[in-house]
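For reference, the structure discussed in these notes is given below.
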Amino acid sequence: MVDSRNNLLFSNDDPGTYPASWYAATAPVQPMRPQLNGEQHCDVVVIGAGFTGLSAALKLIASGYKVIVIDAHRVGWGASGRNGGQLGSGQRVDQDQLETSYGDENAARLWQLSEDSKTLVRQLIKTYQIDCDFCPGIIDTDHKARFSQSTRAYVEKLQKVYGYKDIDYLEGKELSDLLGTDCYVSAAIDRGAGHLHPLKFVLGLARAFEAYGGVIYESSVVESVTSKNQIEIRTVSGSVKAGRLVFACNGYLGNLQSEVASAVMPINNYIIATAPLSDAQYNSILPNNMAVADSRFVVNYFRKSADKRLLFGGRESYGYRFPEDIKGFVRKAMVKVYPQLDTVDIEYGWGGTLAITMNRMPHVCMLSTNVYSASGYSGHGVGMATLCGHLIADAIDGDNKRFTTMAGIRHRKFPGGVALRSPLMKLGMLYYSLRDRL
């Protein structure tokens, strides 16, 4: 029996049911796939049917491997089907920090991997004809004037040092006209980034995988993993024996793998969707239909939807339970940015669990000769989770060059281990949240 009080798989959601999000209401969700029953055999078993797991599974099955994917709930049920949908450039931390931490050569490799991630997402959309409302452009905004100089310098560095020409610096009226609000003082406008409907995208990956003959079991909670010799995954009603295993669980890893869990921590984040906006409201906000992410430590991120809503994400919590009033919880942040939407109804409000690392870089590793893991995308998962699934598939297939670059990133365990990581992180995040407001 699963204890729902301290298991994020069941703390906030009904088993096997998508959250009541705008994404779930507008995606072509398929009927429930079967549970795992009896004993199954394959070359590679993947735990987690999100961006990472399905990206790995799709690449592997296209290369001739027999692959089984297992998920405790539904395809894209976790962060992959609930997130802000932003396909950003770079890693979660900037190139200056990467150069300091890992040297110029490794920083350049990490930049190239981030570019690869955007290319990969676009290629998958095109190759498998995934209709997921992709639109180009993200505006990274500064909420304080003291950030403007460093933003301008960073844009110039990306242009000159990294040869990235799809980015420009903006401020003043040109920026406020682009945003439809004057609460930000400067920004980097990145035309090489983009945004999409994440649940449609991950469902498209699942359909492509199944078109190759791949098998996905839903509503199949993994209860035990044995990986000393042959891999064996057990659920309450079945098992899978395989040659290799991929952990693709991100914030929902729980106690399945203690080494990864000590360095990757789940946190909750929230999004609301307004009622459809009037033509005047819709045209005045983000007229170029780009997405926005701001400079707060607890980031506000927002964009318009294909059916003329504003999707606005922000606020975080660090316990197991979501707030009772998610709509009200996030609405306060939205109205500060767009006071003209004060009277607009909020029709959807949902939460989700992502995973962060101490250094905000993905935690990618080979735990043993036949066990791989990738997680901890720290809010940068649309591109990087999809790419990391491909990197694991490449490594399994004998090409580990790019995998080694990501796996070479140094990670620290959270202070206090798994038991104390959440309360200690909560104290730290409260400090940064206060700093955002001051």
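When residue 355 is tested against (1) at pLDDT below 90; (2) under 24 Å from residue 258 (Cβ atoms), exactly one condition is not met: (1).
Taken over the range 262-310, the criterion of being modelled with pLDDT of 95 or more, basic (Lys, Arg) and under 28 Å from residue 94 (Cα atoms) is satisfied by 303, 304. Among the strands (runs of 3 or more DSSP E) confined to the range 182-282, the ones with at least 1 residues that are outside the structural domain of residue 410 (by TED's automatic domain parsing), crowded, with 19+ Cβ neighbours inside 10 Å and not charged (D, E, K, R) are located at 186-195, 265-274.
Flag set for residue 301, criterion: in the same structural domain as residue 131 (by TED's automatic domain parsing), of a type in the set (Ser, Thr, Tyr) and buried (at least 21 other Cβ atoms within 10 Å of the Cβ).
Can you tell me which residue in the range 91-111 is surrounded by the most Cβ atoms within 10 Å (Cβ to Cβ), limited to those that are touching a residue at least 60 places away in the same chain (Cβ under 8 Å), more than 14 Å from the chain's Cα centre (by Cα) and assigned to a loop (DSSP other than H, G, I, E, B)? Steps first, answer last, please.
Going residue by residue through the range 91-111, those that are touching a residue at least 60 places away in the same chain (Cβ under 8 Å) are 91-96, 101-102, 106, 109-110.
So of that shortlist, the ones also more than 14 Å from the chain's Cα centre (by Cα) come out as 93-96, 101-102, 106, 109-110.
With the extra rule that they be assigned to a loop (DSSP other than H, G, I, E, B), the set shrinks to 93-94.
Working: 93: 16, 94: 14.
Top of the filtered list is 93.
Quick grid of which residues meet (1) outside the structural domain of residue 211 (by TED's automatic domain parsing); (2) within 30 Å of residue 308 (Cβ to Cβ); (3) touching a strand residue (DSSP E or B) at 6+ places or on another chain (Cβ under 9 Å):
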| position | (1), (2), (3) |
| --- | --- |
| 23 | no, yes, yes |
| 28 | no, yes, no |
| 33 | no, no, yes |
| 36 | no, no, yes |
| 44 | no, no, yes |
| 76 | no, yes, no |
| 79 | no, yes, yes |
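Can residue 60 be described as in the same structural domain as residue 247 (by TED's automatic domain parsing), farther than 25 Å from residue 25 by Cα and in contact (Cβ under 8 Å) with a residue 40 or more places away in the chain? First the steps, then the outcome.
Numbers: in the same structural domain as residue 247 (by TED's automatic domain parsing): yes; farther than 25 Å from residue 25 by Cα: yes; in contact (Cβ under 8 Å) with a residue 40 or more places away in the chain: yes.
In short, yes.
Taking the conditions (1) farther than 18 Å from residue 265 by Cα; (2) touching a strand residue (DSSP E or B) at 6+ places or on another chain (Cβ under 6 Å) in turn, residue 299 satisfies each one other than (1).
Listed conditions (1) under 22 Å from residue 130 (Cα atoms); (2) not hydroxyl-bearing (Ser, Thr, Tyr); (3) not assigned by TED's automatic domain parsing to the domain that holds residue 385 are all met by residue 90, apart from (1). For the range 145-160, the tally of residues that are surrounded by 14 or more Cβ atoms within 10 Å (Cβ to Cβ), out of contact with any Asp or Glu (no Cβ under 7 Å at 6 or more places or on another chain) and in contact (Cβ under 8 Å) with a residue 24 or more places away in the chain stands at 4.
The values are calculated or read from the model by the stated rules, or taken from the named source; none is laboratory data. Not measured: the values here are computed from a predicted model. Positions of Cβ are generated from backbone atoms using ideal geometry, with glycine treated the same way; all protein chains shown enter the neighbour counts.
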